[in-house]
Amino acid sequence: MAVRCPRVVADRDVERELRAVGRRLAHALPSPARRSIAALDDKAMDLASRDAELKAALFRFVDVVPACRSLEDLARHLTGFLGELTTAPPPVAVAMKMGNTRAGRAALGAAAAAGVRHMAHRFIVGKDPEAALGTLGDLWRDGVASSVDLLGEATVTQTEGRRYAARCAEALDTMAAASARWPARPALERDPWGPLPRANLSVKVSALTPLMRPLAPERGKRDAAERLRELLRRAHARGAHLHIDMESLDSRDAVAELVLELLSEEEFRAGPSAGLVLQAYLRDSPQTLDTILAWASGDGARRAQPITVRLVKGAYWDHEIVEARQHGWPAPVFEVKADCDRNFEALTRRLVDARGSVRVAIASHNLRSVAHAIAYNRLTGGDDLGVELQVLRGLGDPLQAAIAAQGLRVRTYCPVGDLVAGMAYLVRRLLENTSNESFLSEQAQGVPLEELLAPPGGGEAGPAEKTPDNVTARQ
Ligand SMILES: Cc1cc2nc3c(=O)[nH]c(=O)nc-3n(C[C@H](O)[C@H](O)[C@H](O)COP(=O)(O)OP(=O)(O)OC[C@H]3O[C@@H](n4cnc5c(N)ncnc54)[C@H](O)[C@@H]3O)c2cc1C
């Protein structure tokens, strides 16, 4: 593959262009999102963002979720944890008062279960891939591609690993068959480097093997490799894309090596289309990108399709901070949000400069991060369809609509699974996005657009930074 010299663009030009892009996107947001708080109108989100104790109760709730047998059971635990709050916010206090009588408890249990179910439906598209097909098809018709994620927390036995792999294989079959009947959507099906699969599955290595441990990574890699090879074969046979998610740092190197090693195998030269994830909150992510780009222009260049790199900030910030603190290690993640955002932009530029040897996917709900990628790509001579924008179902819905309305390619990450399996995912999303410095939370609080589009750390004084000292509990 020919090595392209990146075009040099001035920062001020990028700033000017990204503001223009950001304003256009903001203008195209469906109206509820423009009515600030209405975008995150769930009471729970609003309450949790203001109450550290409530947040901690929710974290403890996540821990008991796998032991719950039903949504009603789940609701009982939730109300139990909320009952431990010393200063419960008014709606929680009212709920606890109801819990004093038998009739009140019954009503409360039902309401909590209904509330949980309602909230979960916002983030989870169906109990299995078959049930999700209606939503996936509707998204496609609206100009939005998808990636399906089969929910379930970390695998602890080989049987669970095999079962997860079988569910993934089935999902590939189901999605490939159904998506063949979808209407043509040129912006979603082709980029400057060739055709893009309609069916797209995201998988987690920790769900494929119970053996992925930081102290014996080779064993975990060997165990996962067999199941991942099978899935790559299946994806290739069905013309689908397989994306490998990134989890906490203790498995990062093993997962990245595993993906690059498998994709280097002769058998996978012709396909499938595949990808991995780069987490910008990690201080050493520029070195990880060095490795990926070196691979992409070496072994990767012999493959029929470039590898897709999904750039994210990272979903395990609290976990990484607490883990490091427990061991007395320096934090592997940035501790100041603006540093993470600046790194995200630096990595975006390097990925865009390498477009063609990699396919670039920018996964963020942050209007500035997204507008920056679009602007930098344009100013360096890139085709708009050479950068894919990705969002999470339930959190990025307004942005997804705005991106699609601009004729850009957007993909929504759609978790699939039963609601009990989905609870940990649900609460993580809730907690992450109620952090008082999360972009969505700032947007919901009505921070002016020009401030939201300002350079990281360079705008007006924003809300207090989240520091390791006010982390509430482990993720
Ligand atoms: C399609 C899609 C797929 C994803 N897949 C993965 C995945 O495989 N693995 C994964 O880990 N995540 C994944 N994520 C989640 C992602 O990492 C982010 O957590 C989430 O999107 C929020 O980032 P943002 O840019 O939308 O919002 P922003 O509000 O701009 O950023 C929030 C993020 O900033 C970081 N942060 C928060 N506080 C601080 C601080 N004090 N110092 C430094 N950094 C801080 C955290 O990473 C936090 O999630 C995915 C997201 C999407 C949209």
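The values are calculated or read from the model by the stated rules, or taken from the named source; none is laboratory data. This is a predicted model, so every value here is computed, not measured. Using ideal geometry, Cβ is built from the backbone for each residue, glycine included, and neighbour counts are taken over all protein chains shown. Just the protein is used for accessible areas: all its heavy atoms, side chains included, with ligands, DNA and RNA removed. Shrake-Rupley method; radii C 1.70, N 1.55, O 1.52, S 1.80 Å.
At each listed q (0.12 Å⁻¹), what is the log10 of I(q)/I(0) that the Debye formula gives for region 167-245 modelled as equal alpha-carbon point scatterers? With no solvent term, the Cα-only Debye profile gives -0.42. Split the accessible area of region 174-225 by element, probe 1.4 Å, and carbon with sulfur accounts for 59%. Within region 201-290, the trypsin sites (Lys or Arg not before Pro) that combine a DSSP coil assignment with at most 16 other C-beta atoms in a 10 angstrom radius are R269, R283. At the residue level, S357 shows approximately 30 square angstrom of accessible surface with a 1.4 angstrom probe and all protein chains present. Decide, for region 247-397, between rounded, prolate and oblate: order the square roots of the alpha carbon gyration tensor eigenvalues as a ≥ b ≥ c, take rounded if a/c falls under 1.5, and otherwise choose prolate if a/b is larger than b/c, else oblate. Judged from the Cα gyration tensor, region 247-397 comes out oblate (a/c at least 1.5, b/c at or above a/b).
Normalised per residue, the accessible area of region 305-437 is 26 Å², obtained with a 1.4 Å probe and no contribution from ligands, DNA or RNA.
When you filter the GluC sites (Glu not before Pro) in region 225-267 for DSSP loop state and at most 15 other Cβ atoms inside 10 Å of their Cβ, you are left with E265. Given R0 = 30 Å, the distance between the Cβ atoms of A301 and D128 translates into a calculated FRET efficiency of 0.20. Shape descriptor for region 393-458: Rg over Rh equals 1.04 (Cα atoms; Rh from the Kirkwood inverse mean 1/r). The slack in the chain from A52 to W329, taken as 0.36 nm per residue of separation less the alpha-carbon distance, amounts to 97.3 nm. Extension gain, D142-D290: 0.36 nm per intervening residue step, less the Cα-Cα distance, totals 49.6 nm. If you plug the beta carbon distance of R222 and S31 into 1/(1 + (r/R0)^6) with R0 = 35 Å, you get a FRET efficiency near 0.10. Heavy-atom accessible surface of K55, to the nearest 10 Å², is about 30 Å², with a 1.4 Å probe and all protein chains retained. Here's how it looks for R409: its modeled amide H is under 5 Å from those of L389, which are all 5 or more places away or on a different chain.
For region 142-230, the solvent-accessible area of protein heavy atoms averages 45 Å² per residue (probe radius 1.4 Å; ligands and nucleic acids excluded). Relative to the Cα centre, the charge distribution of region 131-228, modelled as +1 at Lys and Arg Cβ and -1 at Asp and Glu Cβ, gives a dipole magnitude of about 180 debye. Extension gain, R283-W193: 0.36 nm per intervening residue step, less the Cα-Cα distance, totals 29.3 nm.
Put a dot 7 Å past the Cα of E257, heading toward its Cβ, do the same for A114, and the two dots end up 5.3 nm apart. Measuring from centroid to centroid over Cα atoms, what is the spacing of region 429-455 and region 227-251 in Å? Rounded to whole Å, the Cα centres lie 32 Å apart. Just the protein heavy atoms count here, and of the accessible area of region 307-370 at 1.4 Å, carbon and sulfur take up 56 percent.
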